[in-house]
Every structure is written in C-alpha cells, then in structure tokens.
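K.L.:
The structure's right below; bear with me while I get my questions together.
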Amino acid sequence: MFFRGKKGTEKPIEIFVALFVILAVALLMLRLFQTQITDQQQELDQFQRESKLQNLKQEAITHCQTQCSRASSDGCSLRSLAQLCISYGSDRIRPPDFLDLNLDGTMNMDTGLLVGVGVCEDEVPCHALISTCCGHNINAVSCKNFLLQYWAQQGNNEQEIGCLVQNTVRRGTCEPLAQTWYEQAGYDELAAQCG
C-alpha cells in the first residue's frame, strides 16, 4: 500500500513537469515568432522609407526638370538659367516630409548626393538633382556664374549682388560649421559683400 501511494503522487509531478516543459517550449517558440515578426516589420519599414524617399526624390527631380524645360522654352536665356539655379527641388516637398537623402530619419546634411560635398536636406537645390540643362553643366559653380552674369547684366553692383545672393541662394540649416556646396562654390563670400 505504501508503494501504491508513492506511485500516485509521482504522476501529478510528472504531469506538472511535462506541462512546464511544454510551456517553456511554447514561450520559446512565441519569442522566436515575435523576433521574426519584428525583423520583418523593420525590413518593411525600411522598404517603405526607401520607397517614400524615391518618390519624394523623383518629385523633386521632376520639378527641376520642369524648370529646365522652362529654360529651354525661353531659348536657354541667361535669365531662365539663373532662375533654374535658384530653384530648389525640396520646395516641392511638404513638411513634415523632407528629402532624407541618407535615410537616417533626421533632417541634416548628406554628402552622398554630390560625392563628398554637403547638401542640407531641407534645401536641396536643383543643381544637385540634375546635371545638365540647355547643353550646360549644371552645378554650384556654373550656377554661381550664371547668377553673377545675369545680375551684372541687370546693372547690379557687387554689394547688390551680394544681397541678391544672401536673399535668393539658400544654403540650408544643417551643421553650420560643415562645408556644403554653398561654401565650396564661394556663395558665402559673395553674400558677405552685402552691406
């Protein structure tokens, strides 16, 4: 009778241990499943961010190409090329969206778009998004030359040109001590002439 009672009490313990093992395995499987879901969600979020960036970037490029088409329709005049040079693809993007060129989720500076030269993501100029228009290379330096020629043709002196640069050519608000296309092309020196 003594052995019989012991055998009966071992059965619930075995059942409890088996249930505990099943519960532990179920929790482990649930954690693995949750990790997979989290990983897949992160991949999906990354894909959505990249897709949104591509759409925003294409919208900005289309805006700049439209500005180039307007210049072509105007006979590629110095005025229309100067207008292209003070056009910003980022103007087509509505806040809170912005051209997150480096996909870091913050509006700051990117150095990949112009290969090593900084571009503030809040002010992305057309010359950073398109490279040619009307048979001319379009970049920060050529745009500076178009602007200087156009404004000088309009009878502006150095101080007035400096003020025009200060009021129309926008650097952006990223890392004030970092060098961007604006400083590299010498726009800051021109703007400093504004008295």
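Values quoted throughout were computed directly from the atomic coordinates according to the rules given, and no laboratory measurement underlies them. On a predicted model such as this, the values are computed, not experimentally measured, just so you know. Every residue, glycine as well, gets a Cβ built from its backbone with ideal geometry; the counts of neighbours run over all protein chains shown.
K.L.:
Just check the stretch 89-195 against the gyration tensor rule for me: Cα atoms, a ≥ b ≥ c as the square roots of the eigenvalues, rounded for a/c under 1.5, and otherwise prolate or oblate depending on whether a/b exceeds b/c.
P.N.:
prolate
K.L.:
Counting Lys +1, Arg +1, Asp -1, Glu -1, what net charge surrounds I130 among other residues with beta carbon under 14 Å of its beta carbon?
P.N.:
+2
K.L.:
Which of these values of Rg/Rh (Cα atoms, Kirkwood Rh) was calculated from the structure shown: (1) 1.11; (2) 0.95; (3) 1.48?
P.N.:
Here the calculated entry is (3).
K.L.:
Between T168 and R94, what length in nm is gained on full extension when 0.36 nm per residue of separation is reduced by their alpha carbon distance?
P.N.:
24.7 nm
K.L.:
Please list 3J(HN,Hα) in residue order for the stretch 181-195, calculated via the Karplus relation 6.51 cos²θ - 1.76 cosθ + 1.60 where θ = phi - 60°; whole Hz, with x for glycine and proline.
P.N.:
The phi angles translate into 4, 4, 6, 4, 7, x, 5, 4, 5, 5, 5, 5, 6, 6, x Hz.
K.L.:
Are there any helices in the chain, counted as whole DSSP H runs, that stretch 27 Å or more along their axis by Cα and score at least -0.5 on average by Kyte-Doolittle, and if so which? Intermediate values should be presented prior to the final figure.
P.N.:
On the way: long enough: 2-73 (106 Å, -0.20).
The answer, listed by residue number, is 2-73.
K.L.:
Per-residue counts of other Cβ atoms within 10 Å, averaged by peptide: what ranking do you get for 155-167, 110-122, highest first?
P.N.:
Result, highest mean Cβ count within 10 Å first: 110-122, 155-167.
K.L.:
Here's a follow-up. Would you mind counting up the charge near L101? Only other residues with Cβ under 10 Å from its Cβ, with Lys and Arg at +1 and Asp and Glu at -1.
P.N.:
-3
K.L.:
Net charge around E189, counting only other residues with Cβ within less than 13 Å of its Cβ (Lys, Arg = +1; Asp, Glu = -1)?
P.N.:
Taking every other residue near E189 into account, the sum is -1.
K.L.:
Suppose every K and R has +1 on its Cβ and every D and E has -1 on its Cβ; what is the size of the dipole of the chain about the Cα centre, in Debye to the nearest 20?
P.N.:
1060 debye
K.L.:
For the pair A178 and F33, what calculated FRET efficiency results from E = 1/(1 + (r/R0)^6), where r is the Cβ-Cβ distance and R0 = 45 Å, to the nearest 0.05?
P.N.:
Taking R0 as 45 Å, the efficiency between F33 and A178 is 0.50.
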